């Protein structure tokens, strides 16, 4: 039951932020919503009820490093799309490797 | 440049594209919860900033731009990729603000009202994201030399 709630709440909040990104102009501003705290709001909201504040705070601390990895991922996508003129879908999917490397690199250096 | 709302953009998106984003959002939220349960909150927390829907969103933006150009009689264009790149630039700016969301939550959640802190963190994300977006515009404006005119 909790898993279903997590799935539905996550899907709903992510969709709301995605629609905000769709309707807002200019596109550069709408892009801000590509890094909206949608998954964080859903996850932290549910975690607060099930695990408590201290557990959620630990997740939030890790999230700071995840956001750093997201910054590197976004800049890598920007470089390959704008400068190298690569195709969008393969680029954005391949660059997920960069996110994993940065996120787990930060984890092994700062959080482990 | 003024921020505005273009509701007509909603009509460009098909129902299956909304469904895809809903499913991806639900899946990553579920996955981050499961990762936290199995590997602990330190690793699980990393996934709160995972670019879950960015690839789908950027692909959608490219597709819509390409269709718009095709309707205008331009069959081959790089405009879609550049629009997706613009989205990536916005996401890079937003990710700095996302770190601020995490910082506010991490520092102030223990010992304070949880709903209030999440609301404050969301406000901090929005305020910093808008500020950085405005600052970037100012930076471009200055470097282009137009500020001197």
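In table form, for the structure just shown:
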| quantity | calculated |
| --- | --- |
| Positions within the stretch A:70-95 being touching a residue at least 12 places away in the same chain (Cβ under 8 Å) and either surrounded by fewer than 16 Cβ atoms within 10 Å (Cβ to Cβ) or at the interface with chain B (Cβ under 7 Å from one of its Cβ atoms) (or both), in sequence order | A:70, A:73, A:74, A:77, A:92 |
| Selection within the stretch A:20-40 - within 7 Å of another protein chain (Cβ to nearest Cβ), more than 14 Å from the chain's Cα centre (by Cα) and part of a helix (DSSP H, G or I) | A:21, A:22, A:23, A:27, A:28, A:29, A:30 |
| Selection from the stretch B:14-49 of residues that are under 14 Å from the mean Cα position of the chain (by Cα) and closer than 19 Å to residue A:112 by Cβ | B:48, B:49 |
| Residues satisfying the stated conditions in the stretch B:98-111, i.e. buried (at least 19 other Cβ atoms within 10 Å of the Cβ) and within 7 Å of another protein chain (Cβ to nearest Cβ) | B:98, B:99, B:101, B:102, B:105, B:106, B:109 |
| Test for residue A:16: is it assigned to a helix (DSSP H, G or I) and more than 7 Å from every other protein chain (Cβ to nearest Cβ) | yes |
| Residue ranges of helices (runs of 4 or more DSSP H) in the stretch A:51-112 with at least 2 members on the phi < 0 side of the Ramachandran plot and over 16 Å from the mean Cα position of the chain (by Cα) | A:53-78, A:88-94 |
| Boolean, residue A:43 is at the interface with chain B (Cβ under 7 Å from one of its Cβ atoms) and buried (at least 23 other Cβ atoms within 10 Å of the Cβ) | yes |
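Every number here is computed from the coordinates shown, using simple stated rules; none is lab data. If you're wondering where the values come from, they're calculated on a predicted model, not measured in any experiment. Glycine gets a Cβ as well: all are built from the backbone with ideal geometry, and neighbour counts include every protein chain shown.
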